[in-house]
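The values are calculated or read from the model by the stated rules, or taken from the named source; none is laboratory data. Nothing here was measured: the structure is a model prediction, and the numbers come from that model. Note that each Cβ is placed from the backbone with ideal geometry, even for glycine, and that neighbours are counted across all protein chains shown. For accessibility, only protein heavy atoms count, side chains too; no ligands or nucleic acids. Shrake-Rupley method; radii C 1.70, N 1.55, O 1.52, S 1.80 Å.
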Amino acid sequence: MAGGKSAGLASLKSKEMWMGYLFILPIVAGYIIFLFGPIVYAFVMSFTNWSLFGNTAYIGLENYIYAMRDDPVFWDTVVNTVYFSAGLVPLNIVLSLLLAMLLKRKIWGIGLFRTAIFTPVVVSLVVWGIVWKFIFSTDGGLVNLLIRTFGGTEIAWLFSETWTMPTVIVVSALKGVGMNMVIFLAALHDVPKDYYEASKIDGASRWETFKSITLPMITPAVFMITIITVIGSLKVFGQIYVMTGGGPGTSTYVMVFYIFKQAFRSYEFGYASALAFILFSIILVLTLIQWKLRKRWVHYEQ
């Protein structure tokens, strides 16, 4: 009798196990077919001269060596990508934290302001880029119209090697600031109010309270936002494609845009795959460095 019960339980567990496998089968199959498979295939392609025209042959590390040693545009692209990230990441984090601190207060109509700042996050990147392209256009753009109104000289925001990248950085920061603001808002609401009351009794100033209580308590959120913003900045493409097309010259060529150019304009898929894995390596190394250093400044980390 006991043996029959055990056999029945084992059969039921086996059925549940197979049902579980069947439920996750679609997502696993999709992951293998549409994500893992193409990644492996692209990695193999990076060791070939795979091109839309001509025969394909194994060339070892030649694509990687050419990128590092002989391709001047590659290093311009790396510099531009670092420039974009160095401008976007601090601007985005500081702006979203300031907005979160302003909008943390419970006052009438605050939900409207929060919604207005978050709205760009759900707007299509292409639409966002086209709108700001008109706003910063040289002739008839809103920004130059305001400059003319106050007696200033018009600036070719999207046709000047000096101003194009800063313009794209500002537009990108405004697009993503809403999401980071929401994360900071949640972190700020989690700071115990007792700490603020104690600092008030001790006579601490607002700056001292922020430096000694608020900032240390929200460092886990700062850490997470820093990682996702750095990765996002290294993968920038849509704004560059819509607003500048990589120009003027190669002044706004960034890594993903250059990969796109090599793959879908020059049809050099082997070289484009090698560039993609160089970018992947850079992102991986930077993320590991940030993860390793988190214990030195993130609260709660041991």
If you average 1/r over all unlike Cα pairs in segment 26-68 and invert the result, what Kirkwood radius do you get in angstrom?
-> 11.8
Globularity index of the chain, i.e. its alpha-carbon radius of gyration over 2.2 N^0.38 Å = 1.32
Rounded to the nearest 10 Å², what accessible area does V44 show when all protein chains are kept and the probe is 1.4 Å?
-> 80
In Å³ and rounded to a whole number, note down the convex hull volume per residue for the Cα atoms of segment 121-200.
-> 149
Take I201, I183, I278 and sort them by solvent-accessible surface of the protein heavy atoms, 1.4 Å probe, largest at the top.
-> I201, I183, I278
Grab segment 137-264 and count how many Lys pairs have their alpha-carbon atoms under 22 Å apart, sequence gap of 8 or more, or different chains.
-> 4
Return the ratio Rg/(2.2 N^0.38 Å) for segment 1-102, where Rg is computed over Cα atoms only.
-> 2.08
P(r) over all Cα-Cα pairs of segment 255-302, 5 Å bins from 0 to the longest distance, whole percent per bin, short to long, reads 5, 21, 18, 12, 11, 8, 9, 7, 6, 2
Could you grab the relative contact order for segment 180-291? Cα pairs under 8 Å, six or more apart, rounded to a whole percent.
-> 18
For segment 77-138, listing chymotrypsin sites (Phe, Trp or Tyr not before Pro) in a DSSP loop whose Cβ sees at most 11 other Cβ atoms within 10 Å gives W108
Just the accessible area per residue of segment 229-302, please: how many Å² with a 1.4 Å probe?
-> 50
So what is Rg over Rh here for segment 103-253, counting just Cα atoms and using Kirkwood for Rh?
-> 1.08
Can you run phi through the Karplus equation (6.51, -1.76, 1.60; θ = phi - 60°) for segment 109-114 and list ³J(HN,Hα) in whole Hz, with x for Gly and Pro?
-> x, 5, x, 5, 5, 4
Here the relative contact order (percent) of the chain, from C-alpha pairs under 8 Å and at least 6 apart, is 28
Determine, at each q value in 0.34 (inverse angstroms), the log₁₀ of I(q)/I(0) that the Debye formula gives when each Cα of segment 208-248 is one equal point scatterer.
-> -0.99
Summing +1 per Lys or Arg and -1 per Asp or Glu among the other residues with Cβ less than 12 Å from T250's Cβ gives -2
With θ set to phi - 60°, apply the Karplus curve 6.51 cos²θ - 1.76 cosθ + 1.60 along segment 185-202 and write out the HN-Hα couplings as whole Hz, x wherever there is a Gly or Pro.
-> 4, 4, 5, 5, 5, 7, 6, x, 5, 4, 5, 5, 5, 5, 5, 5, 5, 6
Tell me, what ³J(HN,Hα) does each residue in segment 235-252 have, in order and in whole Hz, if you take phi through Karplus 6.51 cos²θ - 1.76 cosθ + 1.60 with θ = phi - 60° and put x for Gly and Pro?
-> 9, 4, 8, x, 4, 5, 5, 7, 8, 10, x, x, x, x, x, 10, 5, 10
Solvent-accessible area, 1.4 Å probe, carbon plus sulfur percent, for segment 214-302 = 67
Could you work out how far the C-alpha centroid of segment 42-78 sits from that of segment 97-125, in angstrom?
-> 45
Percent accessible area from carbon and sulfur atoms, segment 30-157, protein chains only, probe 1.4 Å = 76
Working with all protein chains in place, sort L102, L158, L293 by solvent-accessible area computed with a 1.4 Å probe, largest first.
-> L102, L293, L158
Take the alpha carbon atoms of segment 165-302, find their radius of gyration, then divide it by 2.2 N^0.38 Å using N residues; give the quotient.
-> 1.42
Extended-chain gain in nm, criterion 0.36 nm per residue less alpha-carbon gap, L112 and T138 = 6.1 nm
Protection proxy (average C-beta count within 10 Å per residue), highest first, orders 20-26, 45-51, 143-149 as 45-51, 143-149, 20-26
Set the Förster distance to 41 Å, then compute FRET efficiency between F237 and T149 from the Cβ-Cβ distance, nearest 0.05.
-> 0.75
Would you mind checking which residues have amide H under 5 Å from T48's amide H? H placed 1.01 Å from N; only 5 or more apart, or other chain.
-> I59
Measuring from its Cα centre, segment 1-100 shows a charge dipole (+1 at each Lys and Arg Cβ, -1 at each Asp and Glu Cβ) which, in debye to the nearest 20, is 740
